[in-house]
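Quick notes on the structure that follows.
The values are calculated or read from the model by the stated rules, or taken from the named source; none is laboratory data. This structure is a prediction, so every number in the text was calculated from the model and none was measured. Note that we place each Cβ from the backbone using ideal geometry, even for glycine, and neighbour counts take in every protein chain shown.
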Amino acid sequence: MRNKRILNILLILAVILIAFFLRQSDILNPPEQPPVISSGEGVSDRPLISKDEVAAYLREHGELPPNFLTKKEAQELGWVASQGNLHDVAPGMSIGGDRFYNREKLLPEKEGRLYYECDIGYEGGRRGPERLVFSNDGLIFYTGDHYESFEPLQ
């Protein structure tokens, strides 16, 4: 009877250890490939990063493609902006979805309108100056000079 109890305890410990190590393996080795995304014109085997691709996706779906993370989500994965390590911690992903506050009032204002931003053309390393800024009511603007000027996208 005593041997049976010890055997049961050892079996339970083995199951717990196996489950723990399997979970650690998933955390330490995330999938290498970013999600496959459709731009509405067929399936792409790469993330959407160009201004035209992302703008088209925003118009069609009303949200960013799934290869975008907010700054907070990226930081939770280990991203440190000054290190330019986004693709190290989240391969194929770009930063996007955070609020843009239009403090300089360069974009049209309207009651209830909120703006959001996303990186454009990001292919790893430090983030460049290109962004799309888009509103909750369908406006989309491109800036290639980090918010100094804006080009409306139709």
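Report whether or not Gly144 is within 15 Å of the chain's Cα centre (by Cα) and surrounded by 14 or more Cβ atoms within 10 Å (Cβ to Cβ).
no
Here are Val133, Val80: which of them is among the β-branched types (Val, Ile, Thr) and loosely packed, with under 13 Cβ neighbours inside 10 Å?
Val80
For (1) at pLDDT 70 or above; (2) more than 16 Å from Gly96 (Cα to Cα); (3) assigned to a loop (DSSP other than H, G, I, E, B), each residue gets a yes or a no:
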{"residue": "Ile6", "(1), (2), (3)": "yes, yes, no"}
{"residue": "Ile9", "(1), (2), (3)": "yes, yes, no"}
{"residue": "Leu13", "(1), (2), (3)": "yes, yes, no"}
{"residue": "Gln33", "(1), (2), (3)": "no, yes, yes"}
{"residue": "Arg59", "(1), (2), (3)": "yes, no, no"}
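Please enumerate the residues belonging to the stretch 131-154 that are in a strand (DSSP E or B) and farther than 20 Å from Gly112 by Cα.
Correct list: Arg131, Tyr142, Thr143, Glu151.
Take the conditions closer than 17 Å to Glu123 by Cα, among the acidic types (Asp, Glu), surrounded by 12 or more Cβ atoms within 10 Å (Cβ to Cβ) and at pLDDT 95 or above and apply them to Glu63. Does it pass?
Answer is no for this residue.
Find the residue count for the stretch 92-110, including only residues that are loosely packed, with under 15 Cβ neighbours inside 10 Å and part of a loop (DSSP other than H, G, I, E, B).
Counting residues in the stretch 92-110 that are loosely packed, with under 15 Cβ neighbours inside 10 Å and part of a loop (DSSP other than H, G, I, E, B) gives 8.
Any residue that is on the phi > 0 side of the Ramachandran plot and free of Cβ contacts under 8 Å to residues at least 40 places away in the same chain - is there at least one of those in the stretch 107-122?
There is at least one residue in the stretch 107-122 that is on the phi > 0 side of the Ramachandran plot and free of Cβ contacts under 8 Å to residues at least 40 places away in the same chain.
Tell me the residue from Ile140, Ile49, Ile95 that is modelled with pLDDT of 95 or more, among the β-branched types (Val, Ile, Thr) and touching an Asp or Glu at 6+ places or on another chain (Cβ under 9 Å), please.
Step by step, each of Ile140, Ile49, Ile95 is checked, and only Ile95 is modelled with pLDDT of 95 or more, among the β-branched types (Val, Ile, Thr) and touching an Asp or Glu at 6+ places or on another chain (Cβ under 9 Å).
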